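Working notes, structure below.
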Amino acid sequence: MADLRYWVAFNIVPHIGPAKVQALLDYFGDLATAWKADVHDLRQAGLDRRAVNNLLAARKSLDLDAELAKIARLGVRVLTWADEDYPPLLRNIYHPPPVLYVRGELRPEDEWAVAVVGTRRATAYGKEAARVIAADLARNGVTVVSGLARGIDAQAHKAALDAGGRTIAVLGCGVDRVYPPEHRKLAEAIAAQGALISEYALGTPPESSNFPPRNRIISGLSLGVVIVEAGMGSGALITADYAAEQGREVFAVPGNIFNRSSEGCNALIRDGAHPVLGVNDILEVLNLTMVSQQAEVRAVVPENETEARLLSYITSEPIHVDELGRRTGLPIAQVSSTLALMELKGMVRQVGGMNYVLVREGGVDYIVD
């Protein structure tokens, strides 16, 4: 808790974002030392004059004990880069948020997540498409991520909840605030059956400048992003851009070529996004057709020394089961049975002829420490 206070503190200081936090950690070793450092050392660490001045002002005005007490009182969990439970998909994006505020619960199965986003000015067609896609994803054990906005986002969250699935809302304000205000009841349901997440400190209002950056978190938490309905100026296209930059798959629901609300989606498809005619188009591209089975096996079969030994020899290049047996010195029967379980757990994939490759989640090899 003593170290957490300084992660929270730096997260509140204006104009000290992920790059500057990393620079402080590289220079000082920890944020507690950085918080107490003098101006000369702060400048040596890479902070510009504005950041230094903001930090000096924050030291005088911030009551860190009161801030931590408020976090505890509201039942909010704070995750930082230093936490093992920090979402692994998000950790691997460019400039992940140093601090995440969470109302609700993040679970290991949320690694199987797909974002469903779109315009606030949704048509009846767009709303129905969002409901069907989000509900089908939830029924297949996939967590639905969105932004709690009016229109497509709200429909996606509601459909996932109604289907008994998990859903995560990424906010452009503090998790103690709800925007838009009419979604307060929906937000409470999401917190009970998933999580509300924000990189912004408690009390942060929903300012317009907060929403484009939060879209990188929506895509960063997800294996792929589905744009259901979006005009050419829709903020959902920002999420699609972030997804492409992060190496995530981009999907789009085709729409009427004469309807301006479908111009963005149709343009994405023209430029290479996967067209979505049904949930299987998403599940197959993302290798999520066996999520329920993978989750069940991952829950009951612990990682063990045999898996670790096999993983040390499995890469993106196919390797035959017999070769794995020779390299590990394990009986072929044990290698084969362990590989079968690892495939169910989504760790490896058979690519034909008893050859296996490492599954890549969000562009990063699945590694067991």
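In table form, for the structure just shown:
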{"quantity": "Which listed residue is at negative phi, over 13 Å from the mean Cα position of the chain (by Cα) and either outside any helix (DSSP H, G or I) or among the aromatic types (Phe, Trp, Tyr) (or both), from VAL175, VAL114", "calculated": "VAL175"}
{"quantity": "Long-range neighbours under 6 Å by Cβ, at least six apart or interchain, first residue closer than 20 Å to LEU202 by Cα within the stretch 66-89, second of a type in the set (Lys, Arg) and surrounded by 13 or more Cβ atoms within 10 Å (Cβ to Cβ)", "calculated": "LEU68/ARG5; VAL76/ARG103"}
{"quantity": "Filtered residue count, the stretch 238-263, keeping only those that are part of a helix (DSSP H, G or I) and out of contact with any strand residue (DSSP E or B) (no Cβ under 7 Å at 6 or more places or on another chain)", "calculated": "8"}
{"quantity": "Criterion violated by PRO254 - all others in (1) modelled with pLDDT under 95; (2) more than 22 Å from the chain's Cα centre (by Cα) satisfied", "calculated": "(1)"}
{"quantity": "Single residue of THR143, THR119 found to be touching a Lys or Arg at 6+ places or on another chain (Cβ under 7 Å) and of a type in the set (Ser, Thr, Tyr)", "calculated": "THR143"}
{"quantity": "Test for THR143: is it assigned by TED's automatic domain parsing to the domain that holds PRO180 and over 25 Å from GLY174 (Cβ atoms)", "calculated": "no"}
{"quantity": "Selected residue (only one of LEU100, LEU106 is in contact (Cβ under 8 Å) with a residue 60 or more places away in the chain, in contact with a strand residue (DSSP E or B) (Cβ under 8 Å, 6 or more places away or on another chain), closer than 23 Å to CYS173 by Cβ and part of a loop (DSSP other than H, G, I, E, B))", "calculated": "LEU106"}
{"quantity": "The stretch 141-159, subset more than 22 Å from PRO206 (Cβ to Cβ) and touching a Ser or Thr at 6+ places or on another chain (Cβ under 7 Å), residue surrounded by the fewest Cβ atoms within 10 Å (Cβ to Cβ)", "calculated": "GLY141"}
{"quantity": "Qualifying residue in the stretch 53-72 (condition: within 23 Å of TYR94 (Cα to Cα) and outside the structural domain of TYR200 (by TED's automatic domain parsing))", "calculated": "no"}
{"quantity": "Residue check, VAL178 of a type in the set (A, V, I, L, M, F, W, C), in the same structural domain as LEU277 (by TED's automatic domain parsing) and farther than 26 Å from LEU288 by Cβ", "calculated": "yes"}
{"quantity": "Criterion violated by LEU171 - all others in (1) farther than 22 Å from PRO96 by Cα; (2) in contact with a Pro (Cβ under 9 Å, 6 or more places away or on another chain) satisfied", "calculated": "(1)"}
{"quantity": "Answer residue from the stretch 264-288, given it is without any contact (Cβ under 8 Å) to a residue 40 or more places away in the chain and in a loop (DSSP other than H, G, I, E, B) and is nearest to ASP136 (Cα to Cα) among those", "calculated": "LEU277"}
{"quantity": "Considering residues of the stretch 67-92 that are touching a Lys or Arg at 6+ places or on another chain (Cβ under 8 Å) and in a loop (DSSP other than H, G, I, E, B) only, the residue surrounded by the most Cβ atoms within 10 Å (Cβ to Cβ)", "calculated": "VAL76"}
{"quantity": "ARG216 being within 23 Å of THR80 (Cα to Cα), in a helix (DSSP H, G or I) and either of a type in the set (D, E, K, R) or out of contact with any Gly (no Cβ under 9 Å at 6 or more places or on another chain) (or both)", "calculated": "yes"}
{"quantity": "Selection from the stretch 117-128 of residues that are among the hydrophobic types (A, V, I, L, M, F, W, C) and either within 19 Å of the chain's Cα centre (by Cα) or under 24 Å from ARG216 (Cβ atoms) (or both)", "calculated": "VAL117, ALA122"}
{"quantity": "The stretch 339-357: number of residues that are in a loop (DSSP other than H, G, I, E, B) and either charged (D, E, K, R) or modelled with pLDDT of 85 or more (or both)", "calculated": "2"}
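The values are calculated or read from the model by the stated rules, or taken from the named source; none is laboratory data. Everything numeric in this text was worked out from a predicted model, so none of it was measured. Virtual Cβ from ideal backbone geometry, glycine too; neighbours counted across all protein chains shown.
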